[in-house]
Amino acid sequence: MMNEGIAPNHLMIAPILVPLVAGAIMLFYNDRNRQTKLVMGLVAVGLTFLASVELMAGVKSAGEQAGTVVGLYRLGDWPVPIGIVLVLDRLSAMMVMLTALLAAPSLIYAAAGWHGKGQHYHSMFQFLLAGVNGAFLTGDLFNLFVFFEVMLAASYGLMLHGSGPERIKAGLHYIAVNLAASLFFLIGVALVYGTTGTLNMADIGRALYWLDDAERMLFHAAAAFLGLAFLIKAAAWPLCFWLPPTYGAASPPAAAIMAIMTKVGIYVILRLSLLVLGPDAGPSAGFGAPALMIGGVLTMGFGMIGILGTPELTRKGGYLAIISSGTVLAAVGFAQAGGGPGMLGGALYYMVGSTAAISAFFLIAEPVSRGDAGKDENDDGAPAEDVADPLSERWAPMGLDTVEDMTTPASTRTVSWLTMAMCFALVAAMIAGLPPMPGFIGKFAILQGAVQDNLHTSGALPVILWIYAAMLILSGLGALIALMRFGIRRFWAEEGPTPRILALEVIPVVLLLAMIALQTVRADALLNYTRATALALLEPGIYRNAVLAGAQDVRAAPAQNSAPDPTAADDAGQDQEGGE
Amino acid sequence: MELILALAIGVLCGSGVWLILRPRSYQVIVGLCLLAYGVNLFIFAMGRLYIGAAPIMPKGGFVDPTAYADPLPQSLVLTAIVISFATTALFLVVMIAARGVAGTDHVDGRERRP
């Protein structure tokens, strides 16, 4: 039962430590040495990627022997329910790898000049990565809050990078919304601690069995508060108003890496709703599932209307992120309500592909709409940009002497307008879910899982599944119409000189497209992986037992406020394990 | 004591929520501060209320945990205070920048048209 031998030991903390240390070391250099910092950042991202490959290999190889194995890393070697743990399973390994894969293109793009438009871009970028990876890896609710705040604090800086009135205005809203959401998070954490007496995610699920009715109500309130906080970050429908202006105003490389941040919210909802409120949670089973289902479907509808309605390309990217969030959230709701692993596996596959595509979209949106004459119809007073030089574009310092220099791009090679058109078409096809692309495969897998796992129970599909299937297809159609309209107008109908676009701004998009292509070619392997992930997520006992394996001894003397009767809890845990 | 604490949390959170819904950025930041105070008190209360109990146990040997206050909410609240202080300070900087750029302290960067 002790899994230290199997678990990749100290490597588990590498995805947090490497960016954190790299970001800190960069602070010792003069901020003018941006090329040095760029190289350091790329090295750090590369190391993180290698670590994630190793971690994923560990999770997978162990998985082939005995279902799924969960790696455990005890920080400071404190015993389990007391100390803070990092937990690695298939889902976290996948998300950590995705983060590293999105980070490299974003960094390369920043080298085209954006990293010179403000201070400490590279340090903040690394701190953001540390926070995101920490949120994916931690197994402790309060530690999750801390990593969330690390991530958010870095994202405030990245969002404001480059300054300018529009960014400051959007940043003010973004920070206010997220501060309020963090307070909700804290209320939820406090209520969870007050009712269950623990903050270890696996332990919460175990303590949940012994809550009486009054405490259970409080726990549900806690779950609702936490859900609210994460849904704000995942941009579910009524709570997503902040996202399009923020991501639209952020500089493209920052928006590209912030695409992973909505997925952090989704990851936590996925993790907690299936681990704590999953099918085996007794009276709390399925709490919040209807909200996720209905909210997810409404989110997709809102995103579709938004993308059709907004004229500005970067804002369209925000609505694309909302559509992607809604798709995955609804699938999580269905899985929590017992919709089977097929849908969830498909949704996870879709999430990987769509996150990469949205990241690529943010990177391509700015060069493509550079000097776009049709853009002046937006109402926020931004003048149409006819500036061909990307370095002076959208650049309005706020009068304070914050930025002293502008670095020249690392390479001044340019690319043709046709290349841009091709890239844009491919990204749009991916986002709309056209057949050879992973967007299509993911949606197809979701629909297939929905039909396979839910048809035989009642003879007919539940109504909400029909609505979901319809929205899945319609939202793709909406995205296709909106992007095609833009593409035709911009690439075919418009005359005049084409803007100058640096090769450095296209290489990242090509890299992301290569990733997406690889996802199509190796769709089978990735789908197998995500399906196994979904199966493991729907068996929360695996995760719980792996984390709480060594937890018996410390609960021998129950603290005053801890969950009632820990010995009974351990017995139940072992019963479950016997049932595997 | 329970009633006083509950009232204090309620008043802080209530006025905090009212203030962050106001249109001036200064009101928003004060509201966020009040809300953070209320939440911090709430975290503290979730470790149950004790009077005159130390949170730190003496070293060595088994002690009766009922005689001590729960140390975990205290450490949580300490972390929460530090984080909310830092992020509020950051918000203040952005707020001042927004005031300088927009020339108004309205949260939307422009006055509502009459």
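Observations, loosely collected:
- Filtered by the rule that a residue be within 7 Å of chain A (Cβ to nearest Cβ) and surrounded by 14 or more Cβ atoms within 10 Å (Cβ to Cβ), region B:55-71 gives B:Pro65, B:Asp70.
- Positions within region B:76-96 being within 9 Å of chain A (Cβ to nearest Cβ), of a type in the set (Gly, Ala, Ser) and more than 20 Å from B:Arg22 (Cβ to Cβ), in sequence order: B:Ala80, B:Ala86
- Apart from one condition, B:Asp64 fits all of (1) modelled with pLDDT under 90; (2) under 30 Å from A:Gly162 (Cα atoms); the exception is (2).
- Checking B:Asp108 against (1) more than 24 Å from B:Ala6 (Cα to Cα); (2) within 10 Å of chain A (Cβ to nearest Cβ); (3) in contact (Cβ under 8 Å) with a residue 24 or more places away in the chain; (4) assigned to a helix (DSSP H, G or I), the condition it does not meet: (4)
- The set of residues from region B:70-106 being aliphatic (A, V, I, L, M) and touching a Pro at 6+ places or on another chain (Cβ under 6 Å) comprises just one member, B:Val101.
- Residue satisfying condition, being farther than 22 Å from A:Val192 by Cβ and within 10 Å of chain A (Cβ to nearest Cβ), within set B:Arg48, B:Arg113, B:Arg99: B:Arg99
- Cβ separations smaller than 9 Å between residues 6+ apart or across chains give the following pairs from region A:152-180 residues that are at the interface with chain B (Cβ under 9 Å from one of its Cβ atoms) and within 12 Å of A:Ser251 (Cα to Cα) to residues that are of a type in the set (Lys, Arg) and in a helix (DSSP H, G or I): A:Leu160/A:Arg167.
- Listed conditions (1) outside any helix (DSSP H, G or I); (2) out of contact with any Asp or Glu (no Cβ under 9 Å at 6 or more places or on another chain); (3) closer than 30 Å to A:Met300 by Cβ are all met by A:Leu231, apart from (1).
- Looking only at region A:36-65, residues that are modelled with pLDDT under 90 and loosely packed, with under 14 Cβ neighbours inside 10 Å come to 5 in all.
- Candidates B:Gly38, B:Gly10, B:Gly14, B:Gly31 - the one that is away from every other protein chain (no Cβ under 12 Å), under 24 Å from B:Leu92 (Cβ atoms) and of a type outside the set (Ser, Thr, Tyr): B:Gly14
- In region B:65-83 there is at least one residue matching the filter, namely being outside any loop (DSSP other than H, G, I, E, B), within 14 Å of the chain's Cα centre (by Cα) and closer than 30 Å to B:Gly103 by Cα.
- Where a residue in region A:60-77 is farther than 21 Å from A:Ile16 by Cβ and its partner, wherever it lies, is surrounded by 13 or more Cβ atoms within 10 Å (Cβ to Cβ) and modelled with pLDDT under 75, with Cβ under 7 Å and at least six apart: A:Ala62/A:Ile6; A:Ala62/A:Val69; A:Gly63/A:Val69
- Subset tally (residues that are over 10 Å from the mean Cα position of the chain (by Cα) and in a helix (DSSP H, G or I)) for region B:32-59: 2
- Note on region A:71-86: residues that are more than 25 Å from the chain's Cα centre (by Cα) and hydrophobic (A, V, I, L, M, F, W, C) amount to 3.
- In the set A:Met351, A:Met304, only one residue is more than 28 Å from A:Phe491 (Cα to Cα) and modelled with pLDDT of 90 or more; that residue is A:Met351.
- Search result, residues across region A:9-34 that are over 23 Å from A:Arg74 (Cβ atoms) and surrounded by 14 or more Cβ atoms within 10 Å (Cβ to Cβ): A:Ala22, A:Gly23, A:Ile25, A:Met26, A:Tyr29, A:Asp31, A:Asn33, A:Arg34
The values are calculated or read from the model by the stated rules, or taken from the named source; none is laboratory data. All values reported here derive from a predicted model rather than from experimental measurement. Heads up, the Cβs are rebuilt from the backbone with ideal geometry, glycines too, and the neighbour counts pull from every protein chain shown.
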